[in-house]
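Structure first, commentary second.
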Amino acid sequence: MPQSKRKTRYPIESFGPGLMAALIKGSTQEVRMPMTYREGINFRKRIHHLRSRMVEDDHPQKEIASRTRIQLLWGPKAGLPPTEEVRSSKGVRRPLDPEAPSVVVLSPHDSEFDDVLARAGITTDLSDDPLSEFPLKPR
């Protein structure tokens, strides 16, 4: 008998409604939230836990949540003054100071290509999403 996949540690009821509201808003428009790098790491981790649990529980809004991209930016990439960085043993950069000012950015996946698509004459209107008739298949 195959073992069932272990569920994530947190039940879906343990997540605040604000996290889901942020995911929904981020699926249609960019949302920028200033916070420290430490807070950003914890926020991003909690968002990933929520999305995982939504998939495990077959939540009706899991497709909406999966459309949101999450980034943690600091320094000039976030429009902030430069901050000293270090690299992990795997080469991943992070601010030296965990209290460094940062910005968490929630946005629709592939929104970074909007300018390129607009220059090519391709416009998007999320109220008429061409992928909405093709629901995601369960994994």
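So which pairs qualify, if the first residue must be in segment 77-99 and touching a residue at least 40 places away in the same chain (Cβ under 8 Å), the second must be among the charged types (D, E, K, R) and assigned to a helix (DSSP H, G or I), the Cβ gap must be under 8 Å, and the two must be at least 6 apart or on different chains?
Close Cβ pairs satisfying both conditions: Pro98/Arg38; Glu99/Arg38.
Which of (1) of a type in the set (A, V, I, L, M, F, W, C); (2) free of Cβ contacts under 8 Å to residues at least 60 places away in the same chain; (3) within 12 Å of Val104 (Cα to Cα) is the odd one out, the single condition Phe43 does not satisfy?
It fails just one condition, (2).
Could you look through segment 32-66, keep only residues that are of a type in the set (S, T, N, Q) and in a helix (DSSP H, G or I), and pick out the one that is nearest to the chain's Cα centre (by Cα)? Can you show your working first?
Residues of segment 32-66 that are of a type in the set (S, T, N, Q), as a first pass: 36, 42, 52, 61, 66.
Those still in the list that are in a helix (DSSP H, G or I) too: 42, 52, 66.
Values: Asn42: 12, Ser52: 12, Ser66: 8 Å.
That would be Ser66.
Which residue pairs have Cβ atoms closer than 6 Å, lie 6 or more positions apart in sequence or on different chains, and pair a first residue in segment 8-35 that is within 14 Å of Arg69 (Cα to Cα) with a second residue that is not in a strand (DSSP E or B)?
Leu19/Leu50; Leu23/Ala65; Ile24/Ile64; Ser27/Ile64; Ser27/Arg67; Thr28/Leu126; Val31/Lys25
In segment 32-68, which residue that is among the hydrophobic types (A, V, I, L, M, F, W, C) and either exposed (fewer than 15 other Cβ atoms within 10 Å of the Cβ) or out of contact with any Ser or Thr (no Cβ under 7 Å at 6 or more places or on another chain) (or both) is modelled with the lowest pLDDT? Lay out the reasoning, then the answer.
The first filter runs over segment 32-68 and keeps only residues among the hydrophobic types (A, V, I, L, M, F, W, C), leaving 33, 35, 41, 43, 47, 50, 54-55, 64-65.
Narrowing the set further to residues that are either exposed (fewer than 15 other Cβ atoms within 10 Å of the Cβ) or out of contact with any Ser or Thr (no Cβ under 7 Å at 6 or more places or on another chain) (or both) leaves 33, 41, 43, 47, 50, 54-55, 65.
Details: Met33: 97, Ile41: 97, Phe43: 96, Ile47: 93, Leu50: 92, Met54: 90, Val55: 90, Ala65: 86.
Only one residue fits best here, namely Ala65.
Looking at (1) more than 30 Å from Glu85 (Cβ to Cβ); (2) in contact with a helix residue (DSSP H, G or I) (Cβ under 6 Å, 6 or more places away or on another chain), which one does Glu63 not meet, given that it meets all the others?
Result: Glu63 fails condition (2) only.
With the requirement that a residue be assigned to a helix (DSSP H, G or I) and either touching a strand residue (DSSP E or B) at 6+ places or on another chain (Cβ under 9 Å) or within 12 Å of Leu23 (Cβ to Cβ) (or both), what does segment 67-77 give you? Before the answer, list the steps.
Initially, segment 67-77 is screened for residues assigned to a helix (DSSP H, G or I), giving 75-77.
Once the filter is applied, which keeps residues that are assigned to a helix (DSSP H, G or I) and either touching a strand residue (DSSP E or B) at 6+ places or on another chain (Cβ under 9 Å) or within 12 Å of Leu23 (Cβ to Cβ) (or both), segment 67-77 yields Gly75, Lys77.
Within segment 92-112, restricting attention to residues that are outside any strand (DSSP E or B) and of a type outside the set (A, V, I, L, M), which residue is farthest from the chain's Cα centre (by Cα)?
Step one: list which residues in segment 92-112 are outside any strand (DSSP E or B), which gives 92, 96-100, 109-112.
Adding the requirement that they be of a type outside the set (A, V, I, L, M) leaves 97-99, 109-112.
On the way: Asp97: 23, Pro98: 20, Glu99: 21, His109: 9, Asp110: 12, Ser111: 12, Glu112: 14 Å.
Top of the filtered list is Asp97.
Looking only at segment 114-139, filter to residues that are more than 24 Å from Ala21 (Cα to Cα), out of contact with any Ser or Thr (no Cβ under 9 Å at 6 or more places or on another chain) and assigned to a helix (DSSP H, G or I); which one of those is modelled with the lowest pLDDT? Break it down into steps so the answer makes sense when it comes.
Within segment 114-139, the subset more than 24 Å from Ala21 (Cα to Cα) is 115-123, 139.
So of that shortlist, the ones also out of contact with any Ser or Thr (no Cβ under 9 Å at 6 or more places or on another chain) come out as 115-116, 119-123, 139.
Next, from what is left, pick out any that are assigned to a helix (DSSP H, G or I): 115-116, 119.
Details: Asp115: 80, Val116: 84, Arg119: 84.
Applying the filter and picking the extreme gives Asp115.
Taking only segment 80-98 into account, find how many residues are of a type outside the set (Asp, Glu) and under 19 Å from Met33 (Cα atoms). Reasoning before the result, please.
Residues of segment 80-98 that are of a type outside the set (Asp, Glu), as a first pass: 80-83, 86-96, 98.
In the following step, the residues that additionally are under 19 Å from Met33 (Cα atoms) were identified as 80-83, 94-95, 98.
Adding up the residues that qualify gives 7.
Quick check on Ser4: is it in a strand (DSSP E or B), of a type outside the set (A, V, I, L, M) and either at pLDDT below 90 or in contact with a helix residue (DSSP H, G or I) (Cβ under 6 Å, 6 or more places away or on another chain) (or both)? Walk me through it before giving the result.
On the way: in a strand (DSSP E or B): no; of a type outside the set (A, V, I, L, M): yes; either at pLDDT below 90 or in contact with a helix residue (DSSP H, G or I) (Cβ under 6 Å, 6 or more places away or on another chain) (or both): yes.
Criteria not met by Ser4.
Which condition number does Glu99 fail, the rest of (1) modelled with pLDDT under 95; (2) closer than 28 Å to Met20 by Cα being met?
All conditions are met except number (1).
The values are calculated or read from the model by the stated rules, or taken from the named source; none is laboratory data. A quick note: this is a predicted structure, and the numbers were derived from the prediction, not measured. Please note: Cβ atoms are built from the backbone with ideal geometry, for glycine as well, and neighbour counts cover all protein chains shown.
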